[in-house]
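Enquirer: This is the structure, below, for whatever I ask next.
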Amino acid sequence: MTKGGSVILRIYFSLVSFVTLMILVFSVADLVNISLKTFVFPAADAPNYAVYCDPAYQTPEQCEIQRGNEAKQALVQKQQSATRDLSLLIIAAPLFWMHFRIVYRDWMEERNKA
């Protein structure tokens with residue numbers, strides 16, 4: 001920062017660094033969660049609810065179609081989550097790097113002065 005740097009600028013750079021770091025942490029954690037459920041523990045990805053088919057109104061074929069549609073919807077939702085997490089990583093990583101670099105440089109300058 002400039003000599004006698006502004007407190008507001010320091011707060012801004014520190015807050016942006018913190019927020020982008022939290023975005024990185026949560027998006028990586030969500031990606032790890034998705035990966036573990038997909039590849040290591042596939043049973044953990046089972047739906048929490050049972051598909052209800054009323055035999056009075058639906059044929060067994062319709063019930064199977066409904067189950068297939070719900071499985072496809074779960075896969076689409078998982079892919080949407082992974083896409084969101086990757087985009088957050090791509091955006092937050094450079095922002096964190098740029099802002100934290102300035103905070104760190106300012107901190108090191110203050111430390112060397114003392």
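Enquirer: Any residue at all in segment 86-105 that is in contact with an Asp or Glu (Cβ under 6 Å, 6 or more places away or on another chain), modelled with pLDDT of 90 or more and in a helix (DSSP H, G or I)?
Expert: From segment 86-105, those in contact with an Asp or Glu (Cβ under 6 Å, 6 or more places away or on another chain) are none; that's our starting set.
No; the residues of segment 86-105 include none that is in contact with an Asp or Glu (Cβ under 6 Å, 6 or more places away or on another chain), modelled with pLDDT of 90 or more and in a helix (DSSP H, G or I).
Enquirer: May I ask you to say which residue of 34, 8 is in contact with an Asp or Glu (Cβ under 9 Å, 6 or more places away or on another chain), without any contact (Cβ under 8 Å) to a residue 60 or more places away in the chain and not charged (D, E, K, R)?
Expert: Values: 8 fails: in contact with an Asp or Glu (Cβ under 9 Å, 6 or more places away or on another chain).
Result of the check over 34, 8: 34.
Enquirer: Those residues that are touching a residue at least 12 places away in the same chain (Cβ under 8 Å) and not in a helix (DSSP H, G or I), I need them from segment 37-70; list them, please.
Expert: 47, 51, 53
Enquirer: Then there's this: Evaluate segment 31-45: report whether one residue or more is over 21 Å from residue 74 (Cα atoms), among the β-branched types (Val, Ile, Thr) and at pLDDT 95 or above. Break it down stepwise before answering.
Expert: Filtering segment 31-45 for residues over 21 Å from residue 74 (Cα atoms) gives none.
No; the residues of segment 31-45 include none that is over 21 Å from residue 74 (Cα atoms), among the β-branched types (Val, Ile, Thr) and at pLDDT 95 or above.
The values are calculated or read from the model by the stated rules, or taken from the named source; none is laboratory data. Because the structure is predicted, anything quoted here is derived from the model rather than measured. So basically every Cβ, Gly included, is an ideal-geometry build from the backbone, and we count neighbours across all protein chains shown.
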